[in-house]
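What follows is a short report on a single structure.
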Amino acid sequence: MGSRIIAAALAVTLLTGCTATNDVETLLRAPQLSGESAALQKALNSYLGGSATLKFPASGDFLSPFAFGDWDGDGTQEAAVLYTADTTGSNVFLAVLEPSGENSWRVSQTAEGLASEVETFSAAHLRDASSQQILAGYGSAQGDRYLVVYEYDGTTLSTIISNRYSDMVLADFTGKGDTQDLVLALPTDTEYGGVTLQLLTNVEGEFRSYQTLNLGEGSYSGCAALSAGKGRDDAMYLVMDAWSGNNSLVSDIILYDGDTGFLQPYHPPGLSDPQRSTLRYHTELLSRDIDGNGTVDIPVEVDDGGELETPMDKNLVFLLWKDYATAEGGHSHFGIYDSKNNFYMSLPESMHGSILIRSNSDDTGWEICNSEGTTVYCEMRVVDPAETADADEVMEYERIANIGNQQLQARIVTPYYGLSIDTITSSTVLLGLE
């Protein structure tokens, strides 16, 4: 988990770069690049007869304008590059390049995208086990999102799927083993609301739309996120976080039924009423694999976790992250969510219902105490390390993570079984990062 925190911190830097404007993209032009990336841009500039501006995607398998894979299944790795150019207008273009010698490339095909920004950039085995298809999600200034799935056969770059979407997820839901499936959440355009999921899969060598599933008509106003995880018998399942009334979130679980060949809603033991059981008002709390075990955990706000003194009750909330992947269902992790700094900290289950959390002495964070407030177990704070008072004070605290230009720090005051600097470091997750 510690490595996930470091990766998340790095992702902040990358995502900040990809949402920046022309100044950052100018810095990424060819003279600043080196090695293989420079060779790719040199080939692209030569093809265009000018200088390309590289476009960074916000998410996906590739957090870079450059992607590498065997697109045509010939056993040789090709490249793909996202770019714009002065001569091509504002829309992003995708170029596929073939190797043409040692550290040398040539542009084989290009295709114009559907908007000026790239929200996601990935690749997947959608048609067969040898070739890979390229997925690019484009975002417009009006907030519309379009997903395009490209296929390259060695000579031609073609579009096999182009669709509006609100979110997407790739996984082997149908259990084919050698290819992946794509599930799209489609925009909600009807007055009755609800969310429509579209399953696209390989059918007799052709990747196409196979099923649409309507969920939450009259209850959901759109899809907030899709997540895939491993359930019982290592089968994949899907968790959808959906917008509900009063700017809240709820979650649905969807399984692929091998007998019928279709996706269908699943209500595991302990989740008979998903809309009530998973309701939460902190809308940044999206389902995710919180503990890194391959299953998706659904966050549930609870009011019996302990006492939150004012003003901590404005920013903190007790959570259970529930894992319904197994037949037993309901396995959970207890902890506290800091909505001001957007991180979750797991706590020992024995603390559930028996702790008090209050502000620390200088209002930089909070203390976890026994229910009477007479014993402080640990202190969490978020501070600018450059402004920390003195070396002796610094040594009392351990850095847990970076949050922007500040540090999340912790110190143990009174030992408590299951709570240590190591457990805090390993179980603290910065949310809002994929």
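Annotation for E398 and Q211: the two label points, set 7 Å from Cα along the Cα-Cβ direction, are 4.6 nm apart. For the range 287-292, the Karplus equation 6.51 cos²θ - 1.76 cosθ + 1.60, evaluated at θ = phi - 60°, returns couplings of 4, 6, 7, 6, 10, x Hz by residue, with Gly and Pro reported as x. Take the Cα of K314, go 7 Å toward its beta carbon, and the backbone nitrogen atoms of the range 358-390 under 13 Å from that spot belong to 359. Enter the angle in degrees (range 0 to 90, nearest 10) between the Cα long axis of helix 35-48 and the first principal axis of the Cα atoms of the chain, meaning the one along which they spread out most. In the chain, helix 35-48 runs at an angle near 50 degrees to the longest axis. Annotation for K340 and Q77: the two label points, set 7 Å from Cα along the Cα-Cβ direction, are 4.6 nm apart.
The C-alpha atoms of the chain define a longest principal axis, and helix 2-18 lies at about 50 degrees to it. Note that the range 128-143 has calculated 3J(HN,Hα) couplings of 7, 7, 9, 8, 10, 9, 9, 10, 10, x, 9, x, 9, 5, 7, x Hz, one per residue in order, obtained from phi through the Karplus relation 6.51 cos²θ - 1.76 cosθ + 1.60 (θ = phi - 60°); glycine and proline are x.
Note the full-extension length gain between A386 and S104 as 0.36 nm times their separation in residues minus their Cα-Cα distance, in nm to one decimal. Show your work: numbers first, answer last.
Details: separation 282, 0.36 × 282 = 101.52 nm, distance 4.60 nm.
Value of the extension gain: 96.9 nm.
For the chain, lysine pairs with C-alpha atoms less than 29 angstrom apart, excluding pairs fewer than eight positions apart on the same chain, total 7. Under a 5 Å amide H cut-off, with hydrogens placed 1.01 Å from N, E307 pairs with I355, L356, I357 among residues at least 5 apart or on other chains. Close amide H contacts of Q211 (hydrogens built in the peptide plane, cut-off under 5 Å, sequence separation of 5 or more or a different chain): L199.
Search the structure for amide H atoms under 5 Å from the amide H of S221, placed 1.01 Å from N in the peptide plane, and list their residues when 5 or more places away or on another chain. Sorted by chain and number, the residues that satisfy this are G194, W243, S244. The range 152-238 gives an Rg/Rh value of 1.02, both radii derived from C-alpha positions and Rh following Kirkwood. Take the Cα pairs of the chain, get the Kirkwood Rh, then feed it into Stokes-Einstein at 37 °C and 0.692 mPa s and tell me D in µm²/s. Here the translational diffusion coefficient equals 137 µm²/s. Averaging the Cα positions of each part gives two centres, and for the range 259-321 and the range 57-85 these lie 35 Å apart. Note on K230 and S90: the extension gain reaches 46.4 nm, defined as 0.36 nm multiplied by sequence separation minus the Cα-Cα distance.
Accessible surface for the chain, divided over its residues, is 45 Å² per residue with a 1.4 Å probe.
Pull out the extension gain between E204 and N246, defined as 0.36 nm times the separation in residues minus the alpha carbon to alpha carbon distance; nm, one decimal. Can you show the working numbers first?
Values: separation 42, 0.36 × 42 = 15.12 nm, distance 4.45 nm.
Answer, rounded to one decimal: 10.7 nm.
Here's the picture: charge each Lys and Arg Cβ at +1 and each Asp and Glu Cβ at -1 in the chain, and of T374, L182, I424 the one pushed furthest to the positive end of that dipole is L182.
The values are calculated or read from the model by the stated rules, or taken from the named source; none is laboratory data. On a predicted model such as this, the values are computed, not experimentally measured, just so you know. Ideal geometry is used to build each Cβ from the backbone, glycine not excepted, and the neighbour counts take in all protein chains shown. Protein only, heavy atoms only, side chains kept; ligands, DNA and RNA dropped before computing areas. Shrake-Rupley method; radii C 1.70, N 1.55, O 1.52, S 1.80 Å.
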